[in-house]
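The values are calculated or read from the model by the stated rules, or taken from the named source; none is laboratory data. Quick caveat, the model's predicted, so the values are computed rather than measured. Glycine gets a Cβ as well: all are built from the backbone with ideal geometry, and neighbour counts include every protein chain shown. Each accessible area value is taken on the protein alone, full model and side chains, heavy atoms only, with ligands, DNA and RNA left out. Shrake-Rupley method; radii C 1.70, N 1.55, O 1.52, S 1.80 Å.
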Amino acid sequence: MRLDEDWFLVMLGLLVVAIALSMTTASAWTAHDRDGVLRDARATAGRLAADGLDDKLYQDLITLQQHEAELFQAKSDQASASADPRKDLVRVEADLAVIGDRLSGLPGVEDNVSKIRRELSRYTGLMGTAHAENQQGLPVGAAHLREASGYLTDHILRSADAIRKTDQARGVKDNSASAAFPWLLAVVCGTGLAGLVWVQVMTARRVRRTLNAGLLLASAAALTLTVWSLAVLYVSAHTAEGQAMPHANAAKYLTQARVDAMRAHTDDLLTQAVHNEDCAASAKTAAAAYQYSVVCSYETDTLKILGSKGRLADGLDLATKYTSDRRTVDDVSRARRLASGWAGHEKELPTLQNLAALPRQGGLQPRYDDSFLRRLDPYTAPVTAGNQEKTTVQRDYKNTQEALTNGTGVEWDLYRSGVADALDPLTGLFPGSLVLGLLAAVAGAYGVGRRVAEYWSAGGGNA
């Protein structure tokens, strides 16, 4: 037997083992990676859900803002206040601590957490000034309330929203990865199968036998590994793409609609707290000197959000594009009706903007007419807690938010269910690929090794 042919057969045997192990590694790694991606996506969904960590931070900040407005109004109206913003600050700080710990690996999260802490110090300082001046009956207190609220909206809430959107981006990335075609596995397995065919051809040429049971078994195991792995990954990806991802998109837009509803309600409270000091009036025409066009900034923002073409309606339209679940569709329809009613009741709130829009009876009224001033009183005097219009819009907000929260919860539940279904096919892929890969390696090595032994026993002749 020639030494070079002997070592060539040994190298073929080692090549078979290397091919089998590389295919095993590719399959096991892909299965492990997909499993990790789907589990990470499910964890992200939990943070983005209606009761999740990201949502809680935003909602606690909004609650802080709302309670500050309620407390300001209560002091102005000489009423007792049940709101305690100090407790809200404690909850916000707890949220930031958990987010900083759990999401420290996401880009920008630590910066936004630190930024919110710094901005909260600025906000509480402004609110402290507003409350102190309001307690002394100084009108400038309302200006500081507006400044503080604007600061929270433009800076603090924007940072909180950035954290939520960073988490959303991570979820989108995980969803895309879970539905991607496993190119690495396909290339490794395709190359490996071609390599096994080449090994069989070269072995047959050296020993002049076409049938090698070990190599055939190795090839069959490798082919089974390839087909099974690709089939399982296809089923998992198809499930993730068809049953999970649409609900994540619907939930994202419903979450944005909930945020918009919170903003609208906060503007309601600020409108009432500042007692129309955010309003600006101008005469409609020079001929009608006592006919005014009035714009109140917070009220205008609320109507922009709740209008038929507003941000909340846009979010509901986008959400319905991605889901056909009857429960969500019903909740979206209900939220749409409630928001429309809410927008109508907004126009009944005691604000100068709404007064200016009321039809004049008996012609234009002189500026200092007693009846005109009596009509103006409810719109400029402090709003009492029992005000019917205020109670109505609070009910509208509560009911709209309830419908949106229900729809968001349903969509995230359906998403997590879809992810669980996508995980199921992967359960046996990791151990199965190890078994098939080891079988291919052992069988292939045995097949080539047996030919080497036969070649040795025949003294280098035809075995």
- Task: Inspect the stretch 82-93 for any residue being among the charged types (D, E, K, R), in a loop (DSSP other than H, G, I, E, B) and free of Cβ contacts under 8 Å to residues at least 24 places away in the same chain and give the result as yes or no.
- Result: yes
- Task: Go through the residues of the stretch 261-273 one by one and say whether even a single one is at pLDDT 90 or above and in contact with a Leu (Cβ under 8 Å, 6 or more places away or on another chain).
- Result: yes
- Message: Scan the stretch 17-36 and tell me whether some residue there is within 30 Å of residue 406 (Cα to Cα), within 30 Å of the chain's Cα centre (by Cα) and open to solvent by 20 Å² or more (accessible area, probe 1.4 Å).
- Response: yes
- For the stretch 99-123 the number of residues that are part of a helix (DSSP H, G or I) and either open to solvent by 50 Å² or more (accessible area, probe 1.4 Å) or closer than 15 Å to residue 158 by Cβ (or both) is 17
